[in-house]
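Engineer: Shown below is the structure under consideration.
What follows is calculated from the coordinates using simple rules that are stated; it is not laboratory data. Predicted model only: the values in this text are computed from it and were never measured. Because the Cβ atoms are built from the backbone with ideal geometry, glycine has one as well, and the counts that use them run over all protein chains shown.
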Amino acid sequence: MRNTPLTLIVFFCAFGFYITLQYRIGAQDSPIDVQNFRWGVLGLAVYHAAFVAEALRSGINTVPKGQAEAARAIGLDFRQSLSNVVLPQAFRGAIAPLGNVMIALTKNTTVVATIGVAEASYLMKGMIEFRPDLIYVIFGIMAAGFVILTLPIGILFHHLFTATGGEAMSAEVSVLFDAPGPQGAHPPPSHRNHRRPRRSLLCSSY
């Protein structure tokens with residue numbers, strides 16, 4: 001679903017599943033505007049779920065392999081090692097991508113206006129039709145509204161990223177990949193792409 005046009009997904013959910021195939025979400029006698037809203041939410045969820053999965057995958061990739069090996073060495077099964085060792089550390093690396101996905105989701109809600117859901121851009125269209133002389137004022141109000149919605153999200157995720165030590169982790173990864181070689185020069189690019197062996201934090205704690 002990633003990089004598939006969101007407008008196409010939302011349009012297909014409403015006009016493909018609902019109008020053409022007569023699939024309904026929830027009560028069968030619900031009005032069309034309620035069904036359009038539910039199918040719009042489903043389309044947004046399906047589209048952004050792929051980005052959330054990619055963010056979590058990238059966070060898991062930041063956890064050294066030795067952490068999982070150490071968890072198995074002390075007798076933890078797969079579920080215990082995943083929930084107690086891998087995922088807590090992976091969340092630290094996934095905070096920033098998840099924040100970007102959350103901000104993108106907030107802005108992408110305007111796409112559901114294509115199926116008649118009364119959200120910000122749909123309301124802005126109606127306001128401009130009645131007062132075209134205030135088009136720039138209306139546009140400025142809507143833009144300011146989205147800034148008000150997305151700015152706290154960015155601040156919150158930045159605070160979480162800092163509180164969980166994400167900046168320290170980024171600096172550590174930068175040192176691992178950019179540290180100079182024994183002669184004081186950086187290693188060739190072919191060697192800089194390989195992660196240096198790191199000692200397991202879990203092993204050192206035991």
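Engineer: Could you check the simple spin-label distance between Phe15 and Phe78, using points 7 Å along Cα→Cβ, in nm with one decimal?
Structural biologist: 4.3 nm
Engineer: Something else about it: Neighbouring Cβ atoms within 10 Å as the yardstick, rank His159, His48 fewest first. Before the final figure, lay out the partial values.
Structural biologist: Numbers: His159 11, His48 18.
Exposure proxy ranking, most exposed first: His159, His48.
Engineer: Compute the separation of the alpha-carbon centres of the stretch 102-144 and the stretch 1-57 and state it in Å as a whole number.
Structural biologist: Computed from Cα coordinates, the inter-centre distance equals 20 Å.
Engineer: A further question follows. Mind sorting Phe130, Phe146 by how few other Cβ atoms lie within 10 Å of their own Cβ, fewest first? It would help to have the intermediate numbers written out before the result.
Structural biologist: Values: Phe130 8, Phe146 16.
So the ranking, lowest neighbour count to highest, is Phe130, Phe146.
Engineer: Please give the length that would be gained between Asp33 and Val52 if that part of the chain were fully extended, namely 0.36 nm times their separation in residues minus their C-alpha to C-alpha distance (nm, one decimal). Walk me through the numbers on the way to the answer.
Structural biologist: Values: separation 19, 0.36 × 19 = 6.84 nm, distance 2.80 nm.
Working it through step by step, the gained length comes to 4.0 nm.
Engineer: Test of understanding: what is the full-extension gain from Arg24 to Lys125, defined as 0.36 nm times their sequence separation minus their Cα-Cα distance? It would help to have the intermediate numbers written out before the result.
Structural biologist: Working: separation 101, 0.36 × 101 = 36.36 nm, distance 2.77 nm.
Result: 33.6 nm gained on full extension.
Engineer: Moving to a separate point now. Please report the equivalent ellipsoid semi-axes of the stretch 1-119, computed as sqrt(5 x eigenvalue) of the Cα gyration tensor, largest first, in whole Å. Could the numbers behind the result be given before it?
Structural biologist: Working: eigenvalues 299, 51, 23 Å².
Taking √(5λ) for each eigenvalue gives 39, 16, 11 Å, largest first.
Engineer: By its C-alpha gyration tensor, with a ≥ b ≥ c as the square roots of the eigenvalues, how is the stretch 1-44 shaped: rounded for a/c under 1.5, else prolate for a/b larger than b/c, else oblate?
Structural biologist: Working: a/c = 2.67, a/b = 1.96, b/c = 1.36.
Prolate is the answer for the stretch 1-44, as a/c is 1.5 or above and a/b outweighs b/c.
Engineer: Shifting gears a bit: May I ask you to compute the full-extension gain from His159 to Leu42, defined as 0.36 nm times their residue separation minus their alpha-carbon distance, rounded to one decimal in nm? If you can, show how the numbers build up before the last one.
Structural biologist: Details: separation 117, 0.36 × 117 = 42.12 nm, distance 2.97 nm.
The His159-Leu42 span can extend by a further 39.2 nm.
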